[in-house]
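The values are calculated or read from the model by the stated rules, or taken from the named source; none is laboratory data. Note that this is a predicted model, so its numbers are computed, not measured. Neighbour counts run over all protein chains shown; Cβ positions are idealised from the backbone, glycine included. What goes into the accessible areas is simple: the full protein's heavy atoms, side chains included, and nothing from ligands, DNA or RNA. Shrake-Rupley method; radii C 1.70, N 1.55, O 1.52, S 1.80 Å.
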Amino acid sequence: MSVDIKVRGYHLDIYHHVNNGRYLEFLEEGRWDYFEHYQFFKLFESRNLAFVVANINISYRRPAYAGEVIRVITRMSKIGNKSAQAIQEVRLLVDGEPADLIADAIVTFCLMDGDTQKSVAIEGELRAVLEHMIEEGK
């Protein structure tokens, strides 16, 4: 699953390339699009759960510049008892096709109970949906 983003002037820093912090926003856009596609947020809401990022490990590979179009590619990679991981790539688009790797990240998240503010086990229908997402991403 992917989402395309055109790099705008307000994404840039004083060095005229995308600021490192903006990549976190690009990755978040990719995750929202990915989870909306699978209607995962509807499951959260129906159970009073929140999607909470616990860790992001990001590697920057190449700068992105104004006018370029990038593609944020997201896929699920692993499910634990109370956390799961998504792998994301940011790639430059050349003639509509993904090319140079700009950044990649491993995002660890958990599901938090809205009432107790504690993480909950990933089980039942939630686990089944995440497992389906992993299978489709292979």
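Side notes on the structure shown:
- Among residues of segment 101-138, those that are closer than 30 Å to residue 62 by Cα and open to solvent by less than 80 Å² (accessible area, probe 1.4 Å), counted: 13
- Of the residues making up segment 26-70, those that are in contact with a Gly (Cβ under 9 Å, 6 or more places away or on another chain) and assigned to a strand (DSSP E or B) are 49, 50, 69.
- Residues in segment 71-84 that are out of contact with any strand residue (DSSP E or B) (no Cβ under 7 Å at 6 or more places or on another chain) and part of a loop (DSSP other than H, G, I, E, B): 80, 81.
- Qualifying residue in segment 75-86 (condition: aliphatic (A, V, I, L, M) and under 16 Å from residue 5 (Cα atoms)): no
- Residues of segment 87-138 satisfying the condition of being touching a Leu at 6+ places or on another chain (Cβ under 7 Å) and of a type in the set (Lys, Arg): 91
- Residue match in segment 37-58 (condition: under 21 Å from residue 17 (Cβ atoms) and acidic (Asp, Glu)): no
- Of all residue pairs spaced 6 or more apart or on separate chains, those with beta-carbon atoms under 6 Å, a first member in segment 63-88 that is among the basic types (Lys, Arg) and a second member that is assigned to a strand (DSSP E or B) and buried (at least 16 other Cβ atoms within 10 Å of the Cβ) are 71/2; 71/91; 71/93; 71/98; 78/85; 82/110; 82/119.
Rundown of residues vs (1) of a type in the set (Ser, Thr, Tyr); (2) over 21 Å from residue 47 (Cα atoms); (3) touching a Phe, Trp or Tyr at 6+ places or on another chain (Cβ under 8 Å), yes/no style:
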{"position": "81", "(1), (2), (3)": "no, no, no"}
{"position": "84", "(1), (2), (3)": "no, no, yes"}
{"position": "88", "(1), (2), (3)": "no, yes, no"}
{"position": "108", "(1), (2), (3)": "yes, no, no"}
{"position": "122", "(1), (2), (3)": "no, no, no"}
{"position": "129", "(1), (2), (3)": "no, no, yes"}
{"position": "133", "(1), (2), (3)": "no, no, yes"}
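- Among residues of segment 1-48, those that are more than 16 Å from residue 101 (Cα to Cα), of a type in the set (A, V, I, L, M, F, W, C) and modelled with pLDDT of 90 or more, counted: 3
- Residues of segment 1-25 that turn out to be touching a residue at least 40 places away in the same chain (Cβ under 8 Å) and either part of a helix (DSSP H, G or I) or β-branched (Val, Ile, Thr) (or both), as a count: 8
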